[in-house]
Amino acid sequence: MKVLYSDRYMIPLEPTHPFPMSKYRLTRDRLLAEGSITHWHLTEPPLARDEDILLVHDPSYWHRCASGSLTTQEVRRIGFPWSEGLVRRSRASVQGTIIAARSALRDGLASNLAGGTHHAYPDHGEGYCVLNDIAIAIRVLQRDHLARRFAVIDCDVHQGNGTAAIFNGDPQVFTFSMHGEKNFPARKEQGSLDIHLPDGLGDDPYLEILSEHLPPILDHFQPEMVFYQAGVDPYEKDRLGKLKLSIEGLRRRDLLVLRSCRLRGIPVVTTMGGGYARQISDTVEAHCNTVRVALSLI
């Protein structure tokens with residue numbers, strides 16, 4: 001199983017910034033140290049090409065991103081200061097998901113230790129998301145005639161509003177999001193199926209809801225590939241979450257999603273999504289579990 005990782009996934013931030021940028025490296029390092037993966041599993045992606053990015057994103061927006069001419073308001077909405085490193089990070093993350101998708105078609109499963117930037121719209125970024133990696137990867141695979149029908153299973157605590165908006169009305173892409181009803185974004189987009197969860201929901205009711213809705217999506221829509229946005233911010237100690245899933249509950253969630261796809265022979269790409277636990281080690285452990293579960297199903 002290919003695991004995509006690059007040091008370019010990280011950019012320097014002020015110590016007070018709420019985004020835990022080091023989680024990418026720490027997740028890679030923990031998986032290597034424990035022997036879950038070796039350097040054989042790891043592939044470093046190059047930077048995504050303009051022609052692929054422009055399959056989804058507005059040329060004017062992408063030019064402003066790449067050239068550093070975003071407005072102050074646009075930068076504030078993204079939540080990261082603009083830098084050349086931010087552009088490289090965004091390109092590398094997108095390419096990681098594209099390569100993971102190509103690998104999953106061959107191997108059945110692949111993981112990008114970044115990505116899941118589901119708040120990015122064609123014409124703007126927000127919520128720490130500059131480019132929508134999953135949307136770009138889907139359009140690349142469609143353009144290259146590698147697959148036609150896709151499902152996005154988004155279990156981040158925040159709705160994948162950008163992804164839902166991009167594919168709204170597209171009969172070839174099913175967007176499913178389970179997210180906190182009273183969490184960011186305040187204005188939700190209309191996806192194919194949106195489950196709005198109440199604050200404080202714990203492991204068992206969460207997993208019951210997921211197990212009720214996921215199999216019918218896979219059986220009736222019959223996607224040729226699933227992109228699993230495995231955000232770990234539903235965790236009970238997440239600073240931005242408001243749900244009450246345990247680390248074990250998140251692992252069971254991952255197992256439910258990935259096993260359901262594997263039993264049906266559907267290739268799956270996992271992306272990391274959000275995670276803002278008070279202790280970064282908890283975020284890292286939850287992200288590691290997604291990869292561990294995937295590896296156990298190979």
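Per-structure values
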| read-out | value |
| --- | --- |
| Whichever residue in region 183-229 is assigned to a loop (DSSP other than H, G, I, E, B), touching a Lys or Arg at 6+ places or on another chain (Cβ under 9 Å) and among the acidic types (Asp, Glu) and, among such residues, is surrounded by the most Cβ atoms within 10 Å (Cβ to Cβ) | GLU224 |
| Test: residue in region 70-82 that is of a type in the set (Ser, Thr, Tyr), out of contact with any His (no Cβ under 7 Å at 6 or more places or on another chain) and in contact (Cβ under 8 Å) with a residue 60 or more places away in the chain | no |
| Output for region 140-164, where each listed residue is under 22 Å from HIS220 (Cα atoms) and assigned to a helix (DSSP H, G or I) | LEU141, GLN142, THR163, ALA164 |
| SER246, sole failed condition from (1) farther than 18 Å from THR27 by Cβ; (2) small (Gly, Ala, Ser); (3) surrounded by 17 or more Cβ atoms within 10 Å (Cβ to Cβ) | (3) |
| Residues (loosely packed, with under 15 Cβ neighbours inside 10 Å and more than 30 Å from ASP144 (Cα to Cα)) located in region 52-76 | GLY68, SER69, THR71, THR72, GLN73, ARG76 |
| Selection from region 104-126 of residues that are in a loop (DSSP other than H, G, I, E, B) and buried (at least 19 other Cβ atoms within 10 Å of the Cβ) | LEU113, ALA114, GLY115, GLY116, THR117, HIS118, HIS119, ALA120, TYR121, HIS124, GLY125 |
| Number of positions in region 165-178 that are in contact with a helix residue (DSSP H, G or I) (Cβ under 6 Å, 6 or more places away or on another chain) and either farther than 24 Å from SER211 by Cα or outside any strand (DSSP E or B) (or both) | 1 |
| Test: LEU255 is surrounded by 14 or more Cβ atoms within 10 Å (Cβ to Cβ), modelled with pLDDT of 95 or more, aliphatic (A, V, I, L, M) and out of contact with any strand residue (DSSP E or B) (no Cβ under 9 Å at 6 or more places or on another chain) | yes |
| Any hit, region 63-85, residues being in a helix (DSSP H, G or I), at pLDDT 95 or above and within 18 Å of the chain's Cα centre (by Cα) | yes |
| Residue that is nearest to ARG278 (Cα to Cα) [pool: residues in region 8-31 that are free of Cβ contacts under 8 Å to residues at least 24 places away in the same chain and in a helix (DSSP H, G or I)] | ARG25 |
| Residue within region 86-93 that is more than 17 Å from the chain's Cα centre (by Cα), surrounded by fewer than 24 Cβ atoms within 10 Å (Cβ to Cβ) and not in a helix (DSSP H, G or I) present | no |
| Residue, farthest from ILE217 (Cα to Cα), within region 127-136, restricted to residues that are buried (at least 24 other Cβ atoms within 10 Å of the Cβ) and touching a Lys or Arg at 6+ places or on another chain (Cβ under 9 Å) | VAL130 |
| Output for region 1-51, where each listed residue is surrounded by fewer than 17 Cβ atoms within 10 Å (Cβ to Cβ) and basic (Lys, Arg) | ARG25, ARG49 |
| Residue check for GLY275: in contact with a helix residue (DSSP H, G or I) (Cβ under 8 Å, 6 or more places away or on another chain), in a loop (DSSP other than H, G, I, E, B), farther than 14 Å from VAL157 by Cα and in contact (Cβ under 8 Å) with a residue 24 or more places away in the chain | no |
| Residues located in region 34-70, provided they are under 13 Å from SER90 (Cβ atoms) and touching a Ser or Thr at 6+ places or on another chain (Cβ under 7 Å) | PRO45 |
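The values are calculated or read from the model by the stated rules, or taken from the named source; none is laboratory data. Note that this is a predicted model, so its numbers are computed, not measured. Here the Cβ is made from the backbone with ideal geometry for all residues, glycine too, and neighbour counts use every protein chain on show.
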